[in-house]
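For reference, the structure is listed below as structure tokens.
Every number in this text was worked out from the coordinates using simple rules, so none of it is lab data. Model, not experiment: these values are computed from the prediction. Cβ: placed from backbone, ideal geometry, glycine included. Neighbour counts: every protein chain shown.
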């Protein structure tokens, strides 16, 4: 082979090599872009799911079967429509929108937790009930634009701890401070880690008639109720005193003569709209009556509604209000 022929052969081989290597690129799959890392908010959203009984698919608003106590029948409604009626019934519709939005977050959390744990209200074959003894209050007639804006602005938002919906306990007014579940509700399990004692931000703004209360009961009624709760007859009542207090200062047990009785149970038996709380400031026997004085309205656990109003008036957002009352929780949006 001549030198000229060799050069020609090398040139042909080089050309063929370039064609083949270029052709391979025509069939080579383009590199895929790596997925963007999920945001912390997205990660949190995936930690909880809409309970199966009402799950219509991810990011879709559930539909509820609600037992209407006043009508004695079940009605079907969108979740957010139900929440509007709850917020309007449980809080003054004219209060600041951020307080109402905080109530909406807690109402959603309460509802979802009950459905996840108990299926809602199985006795009614419903997801919720308008009977306050069974679930939450509900009054669609009180819904106004203020409520609609508050609920729509917090649409789909719930409070969670870990992978579970929180127990959305709330009450009208805490008095000087909120309570642990084990004292205010006599909750039988360990106190949920997100329930804590905080000072009431409403102490200086709540009207006096809402702040403190006073009520009297005939001594024979105190005797009868004590016997009913404990199964022990204390005899003719001569002395009533606080036997034990919880960390917030609430009475957890009273001593009627020599018989101890649960204070939360006694409150329910005596009418919780009159004996408004277990935060007692005075117990006296006068003219055959037990005279009680105290502060607060409700069990004192979780969010204080008057406190939520006070925080909203100070410029706090709904999320900030909820986080004030519930420790180390996350607020996530389950549907748009």
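In segment 169-301, what % of DSSP beta bridges are antiparallel (nearest 5)? List each step's numbers first, then the result.
On the way: 24 of 25 bridges.
Beta bridges within segment 169-301, antiparallel portion: roughly 95 percent.
Between residue 229 and residue 272, 0.36 nm times their residue separation minus their Cα-Cα distance comes to what? Intermediate results must be reported in sequence, preceding the final value.
Values: separation 43, 0.36 × 43 = 15.48 nm, distance 1.54 nm.
Taking residue 229 through residue 272 to full extension adds about 13.9 nm, to one decimal.
What ranking of 211, 114 emerges when the number of other C-beta atoms within 10 Å of each C-beta is taken as an exposure proxy, fewest first?
Result, fewest neighbours first: 211, 114.
In segment 264-308, whose amide N lies under 12 Å from the spot 7 Å out along Cα-to-Cβ of residue 216? List them in ranges.
Once the point is set 7 Å along Cα→Cβ of residue 216, 284-292 turn out to lie under 12 Å by backbone N, inside segment 264-308.
I need the shape label for segment 169-301. Rule: rounded when a/c is under 1.5, else prolate if a/b > b/c, else oblate, with a, b, c from the alpha carbon gyration tensor. Please report the intermediate quantities before stating the final value.
Numbers: a/c = 2.36, a/b = 1.42, b/c = 1.66.
Note, shape of segment 169-301 comes out oblate.
Within segment 80-105, find all residues whose amide N lies under 13 Å from a label point positioned 7 Å from the Cα of residue 320 along Cα-to-beta-carbon.
98-99, by backbone N distance to the label point.
Starting from the 7 Å offset along Cα-to-Cβ, what nm value, one decimal, do you get for the label separation of residue 70 and residue 283?
3.9 nm
How much length, in nm to one decimal, is gained on full extension between residue 255 and residue 313, taken as 0.36 nm per residue of separation minus their Cα-Cα distance? All intermediate terms of the calculation are to be shown ahead of the outcome.
Working: separation 58, 0.36 × 58 = 20.88 nm, distance 4.10 nm.
So the extension gain works out to 16.8 nm.
How far is helix 3-27 tilted off the main Cα axis of the chain, in degrees rounded to 10, range 0 to 90?
Helix 3-27 sits at roughly 20 degrees to that axis.
Only bridges with both residues in the chain count here: give the DSSP antiparallel percent, nearest 5.
Numbers: 38 of 44 bridges.
If we restrict to bridges inside the chain, about 85 percent are antiparallel.
Which of 87, 48 comes first, and how do the rest follow, when ranked by fewest Cβ neighbours within 10 Å?
Details: 87 33, 48 19.
Fewest-to-most ranking of 87, 48: 48, 87.
Just how far, in whole angstrom, is segment 252-266 from segment 85-133 if you go by their alpha carbon centroids?
Between the Cα centre of segment 85-133 and that of segment 252-266, the gap is 31 Å.
Grab the alpha carbons of the chain, take their convex hull, and tell me the volume per residue in Å³.
218 Å³
With 10 angstrom as the radius, rank 230, 178, 130, 278 by how many other C-beta atoms surround their C-beta, starting from the fewest.
On the way: 230 16, 178 27, 130 23, 278 32.
In increasing order of surrounding Cβ atoms, one gets 230, 130, 178, 278.
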